[in-house]
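Structure first, then comments.
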Amino acid sequence: MSQNNKNTQNNIKEVKPFDFRVSVTTTRRPLGDIKNLQDRQSRIVGGKKMSQNNQNNIKVVKPVSFKVSMPTIRRPLGDIKNLQNRQSRIVMDMDIDRYDRDNPMAVVDYVEDIYSYYWKAEDSFKISPNYMVNQIDINEKMRAIVIDWLIEVHYKFELTGETLFLTVNIIDRFLAQQPIVRKKLQLVGITALFLACKYEEVSIPVVEDLIIISDRAYTKKELLDMEKLILDTLDFNLSVPTPYVFMRRFFKAVAFNSMPDKKLELLSSYLVDLCLVEYKILKFLPSMVAAAGIYTAQAVILQSPPHWSRILILHTTYSEKDLLECSRLMVEFHRNAKIGKLNGVHRKYSTSKFGCVAESKPALFLLQ
């Protein structure tokens, strides 16, 4: 390991196995009245209302952005203008929402519009797979160290899967536009987690807990200043599709002609989680990562090439051939998951809570 990587690992504090409680400053009212609006807005920074003096003392950090060249990513089964036609065929041919018509939480009347937005947005918000060339003081290895640490923090706080994937998305989109010194990289990570919690969670960790979990490497003011810098850099765009939202949809397609398969879902989630720390996976769109995760998980369970059904081709828009490159990378990640120090995902999915799916045999035959 190079001297730079050693210094980085020393700067980034590992999660210590201590107990802490995540305090909640207030109970959020989903349909709160207008008189609470001002209080909610005042809590958006730091988890509690700040005095006018404190607000004046916080220095606004203006972003210094740089341009990153964006490669063209081709959608394998037709461009975006044909998506509506494909979705119409899906509704007419194979309705995967037929059992959720009476479930208001499934928002069946709007699900096609929601995912139509996701398909378009993943193209709009795609991250350059070579943005690190514009970073002077950090590299791919340092990114992996921080994300592996955040996976453990996320697990200890018992946060949702959406939060973890949005956290990593925020980190990558921010780093693709903003140069950062290595001593601030962990601050970027913990602040991205804080923002993702605000967007996805009902009860969020307070700033003090995040400072503690970072071994007090940063102050509250530094975290709040970084929060403003990230939001300003990203133009407050946090409504972005991640592999998680596509997997949730694709699982319904898998279960169209059968009962939901919990092992398949856990194994798919494990393989896609392994991709979070891997910089090279950024070359693939989130929907492809999600589809390849399911395809590879099927191969692991069967230990033979899986049948990528017509309904999966329709709903994912990817054929088996389209998924092979991404799937083979996942097989390599699976094979090397327990090797080295960055094995937070492997330890997480080796527990009984996640069905010990990390101990499954990799689908090495896909590499041939």
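The values are calculated or read from the model by the stated rules, or taken from the named source; none is laboratory data. Note that this is a predicted model, so its numbers are computed, not measured. Backbone-built Cβ (ideal geometry, glycine too); neighbour counts: all protein chains shown.
Among (1) under 18 Å from M288 (Cα atoms); (2) β-branched (V, I, T); (3) in contact with an Asp or Glu (Cβ under 9 Å, 6 or more places away or on another chain), there is one condition T317 misses while meeting the rest; what is its number?
(3)
So in the stretch 120-138, with the set limited to residues that are within 15 Å of I281 (Cα to Cα) and polar (S, T, N, Q), which one is surrounded by the most Cβ atoms within 10 Å (Cβ to Cβ)?
S128
Cβ-Cβ under 6 Å, sequence separation 6+ or interchain: first residue in the stretch 112-141 and on the phi > 0 side of the Ramachandran plot, partner modelled with pLDDT under 90 and surrounded by fewer than 18 Cβ atoms within 10 Å (Cβ to Cβ). Which pairs?
Final answer for the pair search is none.
Mind telling me which of the residues D273, D232 ends up being in contact with a helix residue (DSSP H, G or I) (Cβ under 8 Å, 6 or more places away or on another chain) and among the charged types (D, E, K, R)? Full working, then the answer.
Values: D232 fails: in contact with a helix residue (DSSP H, G or I) (Cβ under 8 Å, 6 or more places away or on another chain).
After ruling out the rest, the residue left standing is D273.
Of everything in the stretch 208-234 that's more than 21 Å from the chain's Cα centre (by Cα) and among the aliphatic types (A, V, I, L, M), which residue is farthest from P179 (Cα to Cα)?
Of the stretch 208-234, the ones more than 21 Å from the chain's Cα centre (by Cα) are 208-209, 211-212, 215-222, 224-225.
Checking which are among the aliphatic types (A, V, I, L, M) leaves us with 211-212, 217, 224.
On the way: I211: 23, I212: 26, A217: 20, L224: 18 Å.
Here the answer is I212.
Only residues that are under 15 Å from the mean Cα position of the chain (by Cα), of a type in the set (D, E, K, R) and not in a helix (DSSP H, G or I): list them for the stretch 112-147, please.
K126
Looking only at helices (runs of 4 or more DSSP H) that fall completely inside the stretch 268-360, which ones have 2 or more residues that are more than 27 Å from I145 (Cβ to Cβ)?
Numbers: elements: 286-302, 310-316, 320-335, 344-348.
Where helices (runs of 4 or more DSSP H) fall fully within the stretch 268-360 and carry at least 2 residues being more than 27 Å from I145 (Cβ to Cβ), they are 286-302, 310-316, 320-335.
For the stretch 183-236, list the helices (runs of 4 or more DSSP H) that sit wholly inside it and hold at least 3 residues that are farther than 14 Å from T167 by Cβ; which are they? Spell out how you get there, then give the answer.
Numbers: elements: 185-200, 207-213, 220-233.
Per the criteria, 207-213, 220-233.
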